[in-house]
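Peer 1: My questions all concern the structure below.
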Ligand SMILES: Nc1ncnc2c1ncn2[C@@H]1O[C@H](COP(=O)(O)OP(=O)(O)OP(=O)(O)O)[C@@H](O)[C@H]1O
Ligand SMILES: [Mg+2]
């Protein structure tokens, strides 16, 4: 897939460090998401991908380093502020509001997310429900959804906040091939709407298919950055990641 | 999303009308008027507690501290010469201020931590109140009996307060605030990631809870004409609210109303004859609800109503 | 100066008992993630059983520990098996309310059996004291403090050296991992609840030496226990000891320099402040 070369930076992490007691989960990391880009973020289990998302979305504060969203420092801001500035995320294990219906949950994002003049919250919510193919389940209680639907619900809720940047954590994991294709299709539509995406995924077909560039982490540090083709050939990646996952 | 619909207004007016119609019945003797007053107060208290306990999922064992502030605000202003009706806004305001003062730090805690912190605050408040000489110390304040508002006015005041609290609760439930509260109750971090300012939402609703609880305290003062710290700041009061809401149905609008009624009934007619095992009976009730009917009576009642409708509608 | 010293000394002596009284609450939380609001019930039961044994058979409170420990263990394990266990997958607040129900029942039972009157327990050494330099130290407090420390030593050895202790610590650290490596988690929970309750009841035995015996005993000391546990860090024996002593001293200073009536306010305020400052590990 061809990418926008040299677009300006939407999200930038500079020298970001996160420690959990003795363990350094993210180790002085630099990462850039450019305007109009889908950036694949891969790495073996425990590489620090989810931790990086938690840092970018304000759930954790970094122990060192800076995070910028469209040039503005956000690493000291609380989650809800970051969301309102235009950075939304999904969760690796979906985190639905179990007492709500599908449309109510999505409405949370629409009501509390970034304000965009011109559309109402319920219009936004409806559009996101439709985009994620949840229309037939819109009045269903969330606790009745299956895993694939819950993943799409997380996505719908994040999109309803009208982000400029979307962090997607393993939406394809645990889905069957049809569902994976459907999900990838949704992400393409999101990208077409002008939203930058950082996409964490273990399902290689999915992430290699739609990423413009791929950023590879291991032990909280970068081991390769490049196009999907370059990265798959990179010996360091094969060693650290593909080698190990092929063996497992 | 319209938070306060015309339908609510009709329902509210209808409820007041209904209460006016049955007023002669309830005002027939001092005991039944007292029951009506207690019922109104309980509805107000339980609805208020449910805003933060049911919608936001923050179980407070400390609402007596807010009730007491309201009761004392009304009593002291009344003794200073203000008309009791005029003291009500002051009771609400002071309770809201006190509520925000301790709710703001404590609401950063969630689950059992918040619950325990509220016990600490309420008990500290009770002890301090016992030592404030200007407010009568441990022996409390007696209000001017000769200025008693009389049963009709007290009934009207109670009815308006109780209906208003249910309307507030319905309005909150349907508002953006209510949506945010339920979101943060279900998953605070996911709510924050969706843009919900968790701290602000909780403090906002707690201010409303506190104001309504303060009003209940003020109302209590005007109909009992006697406030004493061990009662109005007492732990038993805080517990009774939790029970009412659990019995009726936590997190629903009508659950607290139902619970307030059931609780009053139990307290007056069942436990009056079993005064000795009053605490144990409440304990057993609590255990029973939690193990067997954690959603309270409201969902069962709704089920029953649907059944009736299907049969006859 | 002598005043200050004696206030400090008595704070330290009371503080060690506070730590001992609170430890069971922390242990139960650490292993089961359950806030034991029935802790106060076990404290109070301990006091009453001890008082009853003393007035009926003349048994010394220190000897009655031999009875309150196994009794507490049995009662605690039963409460866990019959009630708490059923709620293992519910939100923590539900269990908290359930245990509160247990407490109400126990309190009521005590009122029914013993009435609401304050009682006290007198032994031959209740009023004795020991002069150490310029200070006068009460003998019962010295004894109780020594027993508390001894209790901690026994407990620490048990947690370190025995198989049950190991299983307890494993479950406290990671329930799933412990279950996967073959620890019978269900049994460990019952044991932890039993030990926590045994500690509380035996603390009641010790405390009956210098507190009056009423059905409300537990209410007062439940909150102090929370305070100590939250300050000291749940299951950290050293931390809890320091927190208990800290609270004991703070209370005695308040009672001496401000007003005796405000003694209990200290623990409530410290409790709330400590909780709010520790919010990082909430949820
Ligand atoms: N809240 C936390 N507390 C302590 N350690 C954590 C925490 N979150 C993550 N870690 C540790 O940080 C490291 C990185 O974890 P992270 O979840 O970011 O990996 P990941 O790349 O997302 O892995 P996976 O592909 O399995 O999802 C792991 O060793 C993990 O155990
Ligand atoms: Mg991950």
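Values in this text are rule-based calculations from the coordinates and carry no lab data. A quick note: this is a predicted structure, and the numbers were derived from the prediction, not measured. Note that each Cβ is placed from the backbone with ideal geometry, even for glycine, and that neighbours are counted across all protein chains shown.
Peer 1: Restricting segment A:28-47 to residues that are within 16 Å of ligand 2 (Cβ to nearest atom) and on the phi > 0 side of the Ramachandran plot, which is farthest from the other protein chains (Cβ to nearest Cβ)?
Peer 2: Of everything passing the filter in segment A:28-47, A:43 is farthest from the other protein chains (Cβ to nearest Cβ).
Peer 1: Related question: If the requirement is being within 14 Å of chain B (Cβ to nearest Cβ), touching a residue at least 40 places away in the same chain (Cβ under 8 Å) and either within 16 Å of ligand 2 (Cβ to nearest atom) or surrounded by 18 or more Cβ atoms within 10 Å (Cβ to Cβ) (or both), which of these qualifies: A:213, A:162?
Peer 2: A:162
Peer 1: Select the helices (runs of 4 or more DSSP H) contained entirely in segment C:195-283, then report the ones holding at least 2 residues which are at positive phi and more than 14 Å from chain B (Cβ to nearest Cβ).
Peer 2: Answer list for segment C:195-283: none.
Peer 1: What single numbered condition from (1) surrounded by fewer than 24 Cβ atoms within 10 Å (Cβ to Cβ); (2) over 13 Å from the mean Cα position of the chain (by Cα) fails to hold for residue B:39?
Peer 2: It fails just one condition, (2).
Peer 1: Quick one: would you say residue B:75 is closer than 15 Å to residue B:222 by Cβ and crowded, with 24+ Cβ neighbours inside 10 Å?
Peer 2: yes
Peer 1: Hey, another quick one. Of the conditions (1) out of contact with any strand residue (DSSP E or B) (no Cβ under 8 Å at 6 or more places or on another chain); (2) more than 14 Å from chain C (Cβ to nearest Cβ); (3) more than 25 Å from residue B:164 (Cβ to Cβ), residue B:88 fails just one. Which one is it?
Peer 2: (3)
Peer 1: Restricting to segment A:105-122, name every residue that is more than 11 Å from residue B:190 (Cβ to Cβ) and either facing chain B (nearest Cβ under 7 Å) or touching a residue at least 12 places away in the same chain (Cβ under 8 Å) (or both).
Peer 2: A:106, A:107, A:110, A:111, A:112, A:113, A:114, A:115, A:116, A:121, A:122
Peer 1: On to the next question. For residue A:50, only one of the following conditions fails: (1) over 12 Å from the mean Cα position of the chain (by Cα); (2) within 8 Å of ligand 1 (Cβ to nearest atom). What is its number?
Peer 2: (1)
Peer 1: Let me ask something else about it. Is it true that some residue in segment A:170-185 is closer than 30 Å to residue A:115 by Cβ, in contact (Cβ under 8 Å) with a residue 40 or more places away in the chain and within 16 Å of ligand 2 (Cβ to nearest atom)?
Peer 2: Within segment A:170-185 (the criterion being closer than 30 Å to residue A:115 by Cβ, in contact (Cβ under 8 Å) with a residue 40 or more places away in the chain and within 16 Å of ligand 2 (Cβ to nearest atom)), the answer is yes, since at least one residue qualifies.
Peer 1: Right, another one. With the requirement that a residue be at negative phi and under 13 Å from the mean Cα position of the chain (by Cα), what does segment A:158-172 give you?
Peer 2: A:158, A:159, A:163, A:164, A:165, A:166, A:167, A:168, A:169, A:171, A:172
Peer 1: Within segment A:49-66, does at least one residue satisfy the condition of being more than 16 Å from ligand 2 (Cβ to nearest atom), under 23 Å from residue A:147 (Cβ atoms), without any contact (Cβ under 8 Å) to a residue 60 or more places away in the chain and within 14 Å of another protein chain (Cβ to nearest Cβ)?
Peer 2: no
Residue-wise test of (1) closer than 30 Å to residue C:254 by Cβ; (2) more than 9 Å from chain C (Cβ to nearest Cβ).
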| residue | (1), (2) |
| --- | --- |
| B:35 | no, yes |
| B:40 | no, yes |
| B:76 | yes, yes |
| B:99 | yes, yes |
| B:116 | yes, no |
| B:122 | yes, no |
| B:128 | yes, no |
| B:136 | yes, yes |
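Peer 1: From the residues in segment C:109-126 that are in contact with a strand residue (DSSP E or B) (Cβ under 8 Å, 6 or more places away or on another chain) and in a loop (DSSP other than H, G, I, E, B), which one is farthest from the other protein chains (Cβ to nearest Cβ)?
Peer 2: C:121
Peer 1: Which of the following residues is in contact (Cβ under 8 Å) with a residue 60 or more places away in the chain and either touching a helix residue (DSSP H, G or I) at 6+ places or on another chain (Cβ under 6 Å) or under 30 Å from residue B:120 (Cα atoms) (or both): B:279, B:291, B:266, B:241?
Peer 2: Being in contact (Cβ under 8 Å) with a residue 60 or more places away in the chain and either touching a helix residue (DSSP H, G or I) at 6+ places or on another chain (Cβ under 6 Å) or under 30 Å from residue B:120 (Cα atoms) (or both) holds for just one of B:279, B:291, B:266, B:241, which is B:241.
Peer 1: Right, another one. Looking only at segment A:4-27, which residues are within 15 Å of ligand 1 (Cβ to nearest atom) and more than 14 Å from every other protein chain (Cβ to nearest Cβ)?
Peer 2: The answer is A:13, A:16, A:17, A:18, A:19, A:22, A:23, A:24, A:25, A:26, A:27.
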